[in-house]
1. Does the range 29-41 hold any residues that are touching a residue at least 24 places away in the same chain (Cβ under 8 Å) and either of a type in the set (A, V, I, L, M, F, W, C) or open to solvent by less than 30 Å² (accessible area, probe 1.4 Å) (or both), and which are they?
2. Filter the range 42-55 down to residues that are of a type in the set (A, V, I, L, M) and crowded, with 17+ Cβ neighbours inside 10 Å, then give me how many there are.
3. Let me spell it out: the conditions are (1) of a type outside the set (Asp, Glu); (2) at positive phi; (3) surrounded by 15 or more Cβ atoms within 10 Å (Cβ to Cβ), and Gly58 meets all of them except one. Which number is the exception?
4. For the range 74-87, state whether one or more residues are open to solvent by 10 Å² or more (accessible area, probe 1.4 Å) and aromatic (Phe, Trp, Tyr).
5. Does Ile7 satisfy the criteria of being closer than 17 Å to Asn113 by Cα and either without any contact (Cβ under 8 Å) to a residue 60 or more places away in the chain or touching a helix residue (DSSP H, G or I) at 6+ places or on another chain (Cβ under 6 Å) (or both)?
6. Go through (1) in contact with a Phe, Trp or Tyr (Cβ under 8 Å, 6 or more places away or on another chain); (2) exposed (fewer than 12 other Cβ atoms within 10 Å of the Cβ) and name the single condition Gly63 misses.
7. Just the residues that are in contact with a helix residue (DSSP H, G or I) (Cβ under 7 Å, 6 or more places away or on another chain) and not hydroxyl-bearing (Ser, Thr, Tyr), please, taken from the range 47-63.
8. Can you tell me which condition Met1 does not meet? The list is (1) modelled with pLDDT of 95 or more; (2) under 17 Å from Val107 (Cα atoms); (3) open to solvent by 60 Å² or more (accessible area, probe 1.4 Å), and all the others hold.
Amino acid sequence: MDAYFYIILVVGLLSTIICVTAGILRKGPNDVTILSVAAVELALLVYLVGSIIRVALGEPIAGEAWEFWGYLITALMLPVGAIYWSILERTRWSNFVLAAVGVTALVMAARMNQIWY
């Protein structure tokens, strides 16, 4: 496991907890929940830049490179889609959609870590 995974672990879990709590409290999506998912996107962007730098410096991906990049691109699209959803549907249920992003990004980061090493 590398530092990128642990960053996504912390940010993803915090985002999920914030969004689930807001959903349980019957609140609609707000700045806090949307920004927590934006933080997951930022962590994934850091992962992207770090991965590009590592590959450029000659560090090989142990598994299939197309699979790693596919996971990363898909993970990067999830927060954008969830935020778009929460803006269109301003109900408490959107918070649960936002909550799914943190956990999903965490699982995908774990898989990307397996592919890298």
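The values are calculated or read from the model by the stated rules, or taken from the named source; none is laboratory data. Model, not experiment: these values are computed from the prediction. Note that we place each Cβ from the backbone using ideal geometry, even for glycine, and neighbour counts take in every protein chain shown. These accessible areas exclude ligands, DNA and RNA; they are computed on the full protein's heavy atoms, side chains included. Shrake-Rupley method; radii C 1.70, N 1.55, O 1.52, S 1.80 Å.
1. Pro29, Thr33, Ile34, Ser36, Val37, Ala38, Ala39, Val40
2. 2
3. Of the numbered conditions (1) of a type outside the set (Asp, Glu); (2) at positive phi; (3) surrounded by 15 or more Cβ atoms within 10 Å (Cβ to Cβ), the odd one out for Gly58 is (3).
4. yes
5. In short, yes.
6. Result: Gly63 fails condition (2) only.
7. Leu48, Gly50, Ile61, Ala62, Gly63
8. Only one criterion is unmet by Met1, namely (1).
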